[in-house]
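Since every read-out is calculated from the coordinates, none of them should be taken as a lab result. Source: prediction; values computed, not measured. Reconstructed Cβ throughout: ideal geometry from the backbone, glycine too, with neighbour counts over all protein chains shown.
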Amino acid sequence: MDPHNLEVINDLLDKDVEIREKIKDQVTEFDKKTRTLAGMLNKIHSTPSDKISSLLVSVRPVLESCRETIAALAELVPPNQFWRWKEMWSISLRNAVFSATLVEYLESGTLLSLPQVSDILGIQEEWKDRFVLTAEDYLHGLITLVNELSPDKNSIFVKDLFAGFAMLNLKNDTLRRRYDSLKYDIKKIEEVVYDVSLRKLAPSSNKSSA
Amino acid sequence: MPMHSTLDTRDSILQVFDSFRDELDDHNDRRERLIKSSRDVTILSKKIIFLLHRIMTEGGSESDDRPLALRAVARAKEKLREIQGLFEGMRGELTGDRFWRYQRNVSPGLQEYIEALSFAHYLEHESLISYDEVQSSLCDTEGKPFFPLPLEDYLLGLSDLTGELMRFAISSISRRGGRSKASQVCVFVRGCKADFEGWTPYFRDLRKKQAVTSQSLQKIEDVAYAIAVRSSEYDLPPEILDDIVARTVSNMASGGNYTGGKVTKRQEFDDGEECD
């Protein structure tokens with residue numbers, strides 16, 4: 001191979017390696033933050049309803065700290081290369097979507113829209129070829145959300161979301177698999193709820209809110 | 001604008017999912033179209049590769065295969081332009097950030113095209129086509145690229161070229177002047193393999209293809225060895241030597257299980273999902 005071509009190839013490769021390394025560092029940060037969030041939000045199941053709002057207040061700053069990492073990622077991605085790199089952070093981003101939507105749901109009982117989640121995570125319109133929240137990542141976050149909510153206490157909300165998912169023509173991808181497995185989980189839980197209530201084994205009042 | 005307000009009713013949720021459905025359908029349709037175009041490119045590219053092999057073995061007794069090569073290349077170039085037209089047609093679906101979204105769906109065809117293009121280039125120039133030359137073959141008349149050429153597709157396409165060259169060397173070895181042609185190809189392929197070795201940590205498919213290249217090299221070296229031994233044992237006139245060589249090659253072809261060194265192209269005929 002002639003030396004000029006070798007140089008061209010090695011230059012391209014060096015650039016990509018450098019971008020990958022830098023993105024990896026930011027993803028590690030992002031991942032730490034979303035793990036912290038998940039850990040905090042795990043407590044909703046054991047927190048009495050009157051303490052939930054103070055728990056959520058403590059979650060907010062951690063959620064907002066994701067903005068910094070996301071901005072750094074948007075800065076690292078070369079123009080038009082969003083789809084080339086996005087898989088590196090999609091797990092973290094989906095967890096952030098989950099956290100944001102769970103906080104909102106617990107506070108107001110409503111679902112955050114995709115643009116609202118984008119706002120909360122500080123994703124800018126002008127980054128659209130470098131960093132966006134895609135429908136797929138948003139929907140993954142929602143599946144995690146439904147997974148986290150016990151259907152007996154949130155049945156209307158969960159059913160509405162399910163009606164939404166049922167409208168999508170999902171291809172044979174991870175979103176489809178997660179959605180399918182969720183349907184079985186929910187069916188199983190419904191059976192448990194039915195059995196327990198039939199035998200009057202459930203306590204009459206609910207101590208936690210999720 | 002239901003998207004910008006909080007979704008607090010079933011209707012508002014369903015409305016949002018309605019727009020997701022349109023978006024996902026749009027994406028899946030585009031992907032299908034690109035996979036189909038990529039397949040068309042693959043089919044045409046394979047035809048070009050067959051064409052080149054065919055014309056190069058047509059010559060029979062001609063000792064100088066240069067005119068043959070140029071004829072083959074001229075024919076191939078017409079067909080390569082056809083493929084370039086297909087890529088130009090895909091351009092609209094691959095603008096802006098879309099290219100990297102669908103890169104995996106386009107890449108099987110792109111690699112096959114690079115294999116055909118680089119084979120023709122080798123026959124014409126006896127050198128490896130450069131990254132810039134491949135990229136400029138995928139540009140419009142103003143020199144604007146249809147899409148950026150991924151380094152990985154360039155390298156993997158070239159890695160397939162080595163398999164074609166070995167096949168070419170084997171089939172031309174029994175012709176007059178074929179032995180020196182074969183050893184020339186060997187030297188060239190060995191050079192490519194050495195160049196590629198340093199990039200294998202970055203591209204896993206390249207590592208697999210390097211192994212195939214090694215096998216091809218091994219096979220042609222076995223043939224070259226057999227020829228060298230025979231020709232040193234007997235002081236044979238060239239035409240008898242040609243006979244022996246032809247026999248050795250046909251033995252290799254029937255018993256040696258020579259396949260020309262191909263890694264099955266991943267994702268070529270599936271729906272383009274990541275399968276690794």
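With +1 assigned to the C-beta of every Lys and Arg and -1 to the C-beta of every Asp and Glu, and no other charges, what is the dipole magnitude of the range A:149-201 about the Cα centre in debye, to the nearest 20?
Values: 11 positive and 8 negative charges, 15 e Å.
Using only the charged Cβ atoms, the result is roughly 80 debye.
Dimensions of the range B:1-137 along the principal axes, based on C-alpha atoms and rounded to the nearest Å, stand at 82, 24, 17, largest first.
When every alpha-carbon pair in the protein assembly as shown is counted, what percent end up more than 31 Å apart? Mind dumping the intermediate values first?
Working: 66129 of 117855 pairs.
The share of Cα pairs beyond 31 Å in the protein assembly as shown comes to 56 percent.
Taking only the Cα atoms of chain A, how large is their convex hull per residue, in Å³? If you can, show how the numbers build up before the last one.
Details: hull volume 29.1 nm³, N = 210.
Given the Cα convex hull of chain A, per-residue volume reads 139 Å³.
Per-residue Karplus couplings for the range A:118-129, computed as 6.51 cos²θ - 1.76 cosθ + 1.60 with θ equal to phi - 60°, are listed in order as 4, 4, 4, 8, x, 7, 8, 4, 6, 8, 4, 9 Hz, Gly and Pro entered as x.
Can you bin the range B:104-193 into rounded, prolate or oblate? Criterion: square roots of the alpha carbon gyration tensor eigenvalues sorted a ≥ b ≥ c, rounded for a/c under 1.5, prolate for a/b above b/c, oblate for the rest.
Working: a/c = 2.74, a/b = 2.13, b/c = 1.29.
The shape class here is prolate.
The eigenvalues of the Cα gyration tensor, multiplied by 5 and square-rooted, give the range A:1-60 an equivalent ellipsoid with semi-axes of 49, 8, 5 Å from largest to smallest. Over the range A:149-201, one equal point on each Cα, no solvent: what is log10 I(q)/I(0) by the Debye formula at q = 0.13 Å⁻¹? Each listed q maps to, in turn, -0.38.
What is the average number of partner chain Cβ atoms found within 10 Å of a Cβ in A:161-174?
Values: counts 5, 0, 4, 10, 2, 2, 7, 7, 4, 3, 7, 2, 4, 2.
Taking all residues of A:161-174 together, the mean is 4.
3J(HN,Hα) along the range B:135-142, derived from phi through the Karplus expression 6.51 cos²θ - 1.76 cosθ + 1.60 where θ = phi - 60°, amounts to 4, 6, 6, 10, 10, 7, 5, 8 Hz, with x in place of Gly and Pro.
Rank-order A:21-33, A:185-197, A:61-73 by packing density, defined as the average count of other C-beta atoms within 10 Å over each peptide's residues, highest first.
Details: A:21-33: 16.0, A:185-197: 12.3, A:61-73: 17.9.
By packing density, highest mean first, the sequence is A:61-73, A:21-33, A:185-197.
Dividing the Cα convex hull volume of the range B:57-146 by residue count, how many Å³ per residue is that? If you can, show how the numbers build up before the last one.
On the way: hull volume 9.3 nm³, N = 90.
It comes to 103 Å³ per residue, whole-number rounded.
Entry note, chain A: the mean residue ellipticity at 222 nm calculated from DSSP H runs of n ≥ 4, each adding -39500 (n - 2.57), is -24000 deg cm²/dmol after division by the residues and rounding to the nearest 500.
The mean number of partner chain beta-carbon atoms within 10 angstrom of a residue's beta-carbon across peptide B:15-21 is 6.
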